[in-house]
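The values are calculated or read from the model by the stated rules, or taken from the named source; none is laboratory data. Model, not experiment: these values are computed from the prediction. Virtual Cβ from ideal backbone geometry, glycine too; neighbours counted across all protein chains shown.
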Amino acid sequence: MTIYGNEPALQLIRTMAASDRLPHAALIYGERGRGRKTIARYFAMAALCKGEQKPCGVCSSCRKVLLDTEEVHPHPDFIWVEHSGKKQGFSVETVRGICKDAIVAPNDGERKVYLFADCDAIDIRAQNTLLKLTEEPPPHVLLLFTAEHRNVFLTTMLSRMMPFAVRPCTAEECRRALTEDHGIAQADAERAAAACGGNIGRSLAWLSDPELRELTAAAADATRAVAERKYYELLRILAQYEKDRFKAAELLRLLDLQVRDAVVLKFGMKDLAGCDRDSAQTLSGVISGGRSRILHEALQAAYEALQANVSTKLVLAALGGNLLS
């Protein structure tokens, strides 16, 4: 298993596994596509490994976890908790079932690992139901959670989990992953890595999804419109998505990353996460720290309004003025 850009987290997992001091609960959080679930599988390998150096990658337990996918689960003690409920989070009923199952001894070793993947829509009632298990699980239980943001969890839950922030990989690491691990042609890999800020998962989606390519191009155009203070051009770009809430929200997320990259470039750093370096570079030449904060807050407020079912047309119209006020 090759994991890019997260060696400090992997080293910490190996060190804790070697001294038999793995936490009983951990949260792996960060942008979608940066390997949260891959790191969770590595965590599970370290916990379930039967070799001397954990994870060894060659014992029967490690091999089973390596073969694991979201659809196929060959290791009986690595349990992917199924999404449930109206928002496809984790319902109270599902969590209660896990709490009961956690008491049962492992099938094939000394531990059972439960993975709650993509917790961004996890129900508050479900979290309250999980509190006791997360605080005092049976000694053989390890609970893993993945999410984009820590703040989807209650403070009481966060206090019971060890956090692991997913770090971005470099554009070169992304290109290598695409070509060596996924068989993508070099030219396509370079275009995808550049368009997706080194995000491997998003790069794979970008290559297969013309709608995502369209959105990244729109985000680049909107970035230039903000930099050049072209109000009507910005409104024209935003108006294309006023009938599609999901695409509008994704455009705002991409545009926010462009603002972030403009600040990074302004201070001479290279850790980019956005979809277009050239337009971010243009924005960096005219943006100040205070102005970047205003842009970020405007985009964040608009994104939250979309999540709250405010009219997409009104949100985007207001955003155009806020970005150039």
Being of a type in the set (D, E, K, R), under 22 Å from the mean Cα position of the chain (by Cα) and surrounded by fewer than 14 Cβ atoms within 10 Å (Cβ to Cβ) is the filter here; which residues of segment 36-81 pass it?
GLU70, GLU71
Subset of segment 107-161 that is in contact (Cβ under 8 Å) with a residue 24 or more places away in the chain and of a type in the set (S, T, N, Q) - its residue that is surrounded by the fewest Cβ atoms within 10 Å (Cβ to Cβ):
ASN107
Those residues of segment 265-289 that are modelled with pLDDT under 90 and among the hydrophobic types (A, V, I, L, M, F, W, C) come to a total of 5
Residue under question is ARG229, and the condition is that it be in contact (Cβ under 8 Å) with a residue 24 or more places away in the chain and surrounded by fewer than 20 Cβ atoms within 10 Å (Cβ to Cβ); does it hold?
yes
Quick one: what pairs do we get from segment 296-325, first residue within 16 Å of LEU235 (Cβ to Cβ) and in contact (Cβ under 8 Å) with a residue 12 or more places away in the chain, second assigned to a helix (DSSP H, G or I) and acidic (Asp, Glu), C-beta under 7 Å, 6+ apart or different chains?
LEU299/ASP256
Say we look at segment 9-32 and pick out the residues that are of a type in the set (Val, Ile, Thr) and under 21 Å from GLU148 (Cα atoms); which of these is surrounded by the fewest Cβ atoms within 10 Å (Cβ to Cβ)?
ILE13
Do we have any residue at all in segment 242-264 that's touching a residue at least 24 places away in the same chain (Cβ under 8 Å) and surrounded by fewer than 14 Cβ atoms within 10 Å (Cβ to Cβ)?
yes
